[in-house]
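Accompanying notes for the structure given below.
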Amino acid sequence: TVQERQPVAVARSAGRYTLVDATGTAAAPSSDSAVAGRVVIDGKPGSAAMAAAVTVLAGLPQEWKVTGLSAPTQDSVEVRLAGGVTVVFGSGADVAKKAAVAVALIANKYTSINVSAPDTPTVK
């Protein structure tokens, strides 16, 4: 059987938009209407960095209003939230723990958070 790839986000790379699935693999080229309402991830579809970015995206709290993600490498995923909050997750490992730490830091009004090492987060 063949299963169609289900897009979860839009990758933006070299000025082009591509729908990506839960593995970070290209699912289909994107039109303007397909981009609307989806999270845009700055990164290359099919790369290890994109796989890390969609892993992070899947593990984020539902109440977060994500305005974008970037994934220059698989170990440098950064999430941008409404209200100007930026959370650096690093890799896609331990997303639930990293998100829980970030939630606590956001509650304390920090806007620049790095939870790439969740046991020793940093803030600005």
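Here Lys97 clears all of (1) part of a helix (DSSP H, G or I); (2) over 23 Å from Tyr17 (Cα atoms); (3) open to solvent by less than 60 Å² (accessible area, probe 1.4 Å) except the condition numbered (3). When residues in the range 107-120 are screened for being outside any strand (DSSP E or B) and surrounded by fewer than 19 Cβ atoms within 10 Å (Cβ to Cβ), 8 of them pass.
Before we move on, is Val123 open to solvent by 30 Å² or more (accessible area, probe 1.4 Å), β-branched (Val, Ile, Thr) and over 12 Å from the mean Cα position of the chain (by Cα)?
Criteria met by Val123.
Here is a yes/no grid of residues against (1) of a type in the set (Lys, Arg); (2) touching a Ser or Thr at 6+ places or on another chain (Cβ under 8 Å):
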residue	(1), (2)
Gln6	no, no
Ala11	no, yes
Leu19	no, yes
Ser30	no, yes
Gly46	no, yes
Gln62	no, no
Lys65	yes, no
Pro72	no, no
Leu81	no, yes
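So if I check each of Val79, Val88, Val103, which one is free of Cβ contacts under 8 Å to residues at least 24 places away in the same chain and among the β-branched types (Val, Ile, Thr)? Quick ask: steps written out before the conclusion?
Numbers: Val88 fails: free of Cβ contacts under 8 Å to residues at least 24 places away in the same chain; Val103 fails: free of Cβ contacts under 8 Å to residues at least 24 places away in the same chain.
After ruling out the rest, the residue left standing is Val79.
Return the total of residues in the range 36-67 being surrounded by fewer than 16 Cβ atoms within 10 Å (Cβ to Cβ), on the phi < 0 side of the Ramachandran plot and not acidic (Asp, Glu). Total satisfying the criteria: 8. Restricting attention to the range 66-102, the residues that are over 13 Å from the mean Cα position of the chain (by Cα) and among the acidic types (Asp, Glu) total 1.
The values are calculated or read from the model by the stated rules, or taken from the named source; none is laboratory data. Because the structure is a prediction, the values reported are computed rather than measured. In this analysis, Cβ positions are derived from the backbone assuming ideal geometry, glycine residues included, and neighbour counts consider all displayed protein chains. All accessible areas refer to the heavy atoms of the entire protein, side chains included, with ligands and DNA or RNA removed. Shrake-Rupley method; radii C 1.70, N 1.55, O 1.52, S 1.80 Å.
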